[in-house]
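Participant: Below is the structure I would like to discuss, written out as structure tokens.
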Amino acid sequence: MFHRFRESMVNDPRVNLLSFTGSCQIGKQVGTKVQQRMGKLILELGGNNAISVMEDADLGMLVPAVCFASVGTAGQRCTTTRRLIVHKSLVDEVVRRLVSAYKQVKIGDPLIKGNLCGPLHTVAAVESYKGAIAEAQQLGGKIETGGNVVGGRYVEPTIITGLPHDAPLVLRETFAPILYVLPCDDFEDAVAINNEVAQGLSSSIFTTNPEYIFRWVGAGGADSGICNVNIPTNGAEIGGAFGGEKETGGGRESGSDAWKQYCRRATCTINYSKELPLAQGIDFS
């Protein structure tokens, strides 16, 4: 039923503008069909989001931010943090603190007070989680904590180290609470790793260095639609222009200019005189 409804909206020329939120895979199909009939699109698709941690980062702020961004909603937000890019001098300490924090997360019915990690939304999502864990281990990754299905559609939030930043698994968005920790050499290296994924939704950096901050939000910094500093990749975007670049789709919802996308733009010229001025001084008299 849903697919028939979706197809009817995608193909119907009476739908002048279609706003779609979903996966990159389905978004590409929707986008292609709407473009074929010259319709307008707002696409808000996937996000393989990262937090970069510079050598001067406040780890007291970082750890709860990462837990919120990677574990919250059981890793099922488009703005969930899936990659943690950490300056090489801080990797061991950051992993130690995060593992300690993750072990305190209670898994269970999210309607029960105290539970912080609820279920995955489908059985297929559980299989995707299990497949990613198995693939990470085959590639030589180390499961620092988590990695197990605890029953039904409940899974353990997982931290994985030891994988190359450009491994296909890391570059692929897995819609589950899995966090890959990736070392970097410096700011430039962090930006390059952040930007190498196909999506460009949300990126964050933790630093107190003003140079890093302004470079991060500038043209040579993060190539995402949402660029944060000293806050997570999710939770702060309400009221702002929400959306991303590259395979995230380029669309924007919310924010002060979002309404413009739902309007038809027209340039209107009204002649109040009794004369007919023509362009380039043409005179037919």
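Participant: What relative contact order, as a whole-number percentage, does the range 197-285 give when Cα pairs under 8 Å and 6 or more residues apart are counted? Don't skip to the answer; put the middle values down first.
Facilitator: On the way: 103 pairs, mean separation 22.5, N = 89.
Result for the range 197-285 is 25 percent.
Participant: Sorted from largest down, what three extents in whole angstroms do the Cα atoms of the range 60-129 have along their principal axes?
Facilitator: Per principal axis, max minus min of the Cα coordinates gives 39, 26, 18 Å.
Participant: On to the next question. What length, rounded to one decimal in nm, is gained on full extension from ASP283 through to GLN76, with 0.36 nm per residue of separation minus their alpha-carbon distance?
Facilitator: Numbers: separation 207, 0.36 × 207 = 74.52 nm, distance 6.55 nm.
Length gained between ASP283 and GLN76: 68.0 nm.
Participant: If you don't mind, another one. Relative contact order (percent) for the range 29-109, with alpha-carbon contacts under 8 angstrom and 6 or more residues of separation?
Facilitator: Working: 62 pairs, mean separation 26.6, N = 81.
Averaging sequence separation for qualifying contacts and normalising by length gives 33 percent for the range 29-109.
Participant: If packing is taken as the mean number of other Cβ atoms within 10 Å per residue, what is the order of 214-221, 273-280, highest first? Walk me through the numbers on the way to the answer.
Facilitator: Working: 214-221: 14.1, 273-280: 6.6.
Averaged packing, sorted descending, gives the order 214-221, 273-280.
Participant: OK, next. Using only alpha carbon pairs under 8 Å that are at least six residues apart, calculate the relative contact order of the chain and give it in whole percent. Working shown, then result.
Facilitator: Details: 533 pairs, mean separation 60.1, N = 285.
Once normalised by length, the contact order is 21 percent.
Participant: So, one more: Using just the helices of the chain, give the 222 nm mean residue ellipticity in deg cm²/dmol: DSSP H runs with n ≥ 4 each add -39,500 (n - 2.57), and the total is spread over all residues, rounded to 500.
Facilitator: Numbers: 8 runs with 84 residues, N = 285.
Theoretical 222 nm ellipticity from helices: -9000 deg cm²/dmol.
Participant: So what is the accessible area of the chain per residue, in Å², with the probe set to 1.4 Å? Walk me through the numbers before you get to the answer.
Facilitator: Details: 15160 Å² over 285 residues.
Dividing the accessible area of the chain by its residue count gives 53 Å².
Participant: Over all alpha-carbon pairs of the range 1-50, lay out the pair-distance distribution in 10 Å bins, whole %, shortest bin first.
Facilitator: Cα pair-distance distribution for the range 1-50, in percent: 26, 56, 14, 4.
Participant: Got a number for the accessible area of HIS3? Probe 1.4 Å, square angstrom, nearest 10.
Facilitator: 110
Participant: Order 76-83, 147-154, 105-112 from most to least packed using the mean count of other Cβ atoms within 10 Å. Mind dumping the intermediate values first?
Facilitator: Values: 76-83: 23.9, 147-154: 14.5, 105-112: 12.5.
The most tightly packed comes first, giving 76-83, 147-154, 105-112.
Participant: What FRET efficiency comes out for ASP186 versus SER23 if R0 is 30 angstrom and r is the Cβ-Cβ distance? Round to the nearest 0.05.
Facilitator: Numbers: r = 34 Å, r/R0 = 1.12.
FRET efficiency, ASP186 to SER23: 0.35.
Participant: For the range 238-285 and the range 166-208, what is the centre-to-centre distance using only Cα atoms, to the nearest Å?
Facilitator: Spelled out, the Cα-based centre of one part sits 36 Å from the other.
Participant: How large is the convex hull of the Cα atoms of the range 152-271 per residue, expressed in Å³ as a whole number? Please report the intermediate quantities before stating the final value.
Facilitator: Working: hull volume 20.7 nm³, N = 120.
That works out to 172 Å³ per residue.
Participant: Please give, to one decimal in nm, the separation of the simple spin-label points placed at ALA124 and CYS268, each 7 Å out from Cα toward the Cβ.
Facilitator: 4.7
Participant: Then there's this: What value in Å³ per residue do you get for the convex hull of the alpha-carbon atoms in the range 94-196?
Facilitator: On the way: hull volume 11.5 nm³, N = 103.
Value for the range 94-196: 112 Å³ per residue.
Participant: If you split all Cα-Cα distances of the chain into 5 Å bins from zero, what percentages do you get per bin, shortest first?
Facilitator: P(r) over the chain, rounded to whole percents: 1, 5, 11, 14, 16, 14, 11, 8, 6, 4, 2, 2, 2, 1, 1, 1, 0, 0.
Participant: Please tell me which of these pairs span more than 24 angstrom C-alpha to C-alpha: LYS88/LYS130; LYS113/LYS142; LYS103/LYS246; LYS33/LYS246; LYS130/LYS246; LYS103/LYS142? Show your work: numbers first, answer last.
Facilitator: Values: LYS88/LYS130 29 Å; LYS113/LYS142 32 Å; LYS103/LYS246 35 Å; LYS33/LYS246 19 Å; LYS130/LYS246 28 Å; LYS103/LYS142 16 Å.
From the list (LYS88/LYS130; LYS113/LYS142; LYS103/LYS246; LYS33/LYS246; LYS130/LYS246; LYS103/LYS142), the Cα-Cα distance tops 24 Å for LYS88/LYS130; LYS113/LYS142; LYS103/LYS246; LYS130/LYS246.
Participant: Next up: For the range 1-143, what's the radius of gyration and Dmax over Cα atoms, in angstrom?
Facilitator: Spelled out, the Cα radius of gyration and Dmax of the range 1-143 are 19.7, 57 Å.
Participant: Find the Cα radius of gyration of the range 208-261, compare it with 2.2 N^0.38 Å by division, and give the number to two decimals.
Facilitator: Details: Rg = 12.2 Å, N = 54, 2.2 N^0.38 = 10.0 Å.
Against the empirical 2.2 N^0.38 Å value, I get 1.22 for the range 208-261.
Participant: In addition: Once neighbouring chains are kept in place and the probe is 1.4 Å, which whole percent of the accessible area of the chain is contributed by carbon and sulfur?
Facilitator: Working: 8470 of 15160 Å².
That fraction is 56 percent.
The values are calculated or read from the model by the stated rules, or taken from the named source; none is laboratory data. Values in this document were obtained by computation on a predicted structure and should not be read as measured data. No Cβ is skipped: glycine too gets one built from the backbone with ideal geometry, and neighbour counts run over all protein chains shown. Heads up: the accessible areas ignore ligands, DNA and RNA and are worked out on the full protein's heavy atoms, side chains in. Shrake-Rupley method; radii C 1.70, N 1.55, O 1.52, S 1.80 Å.
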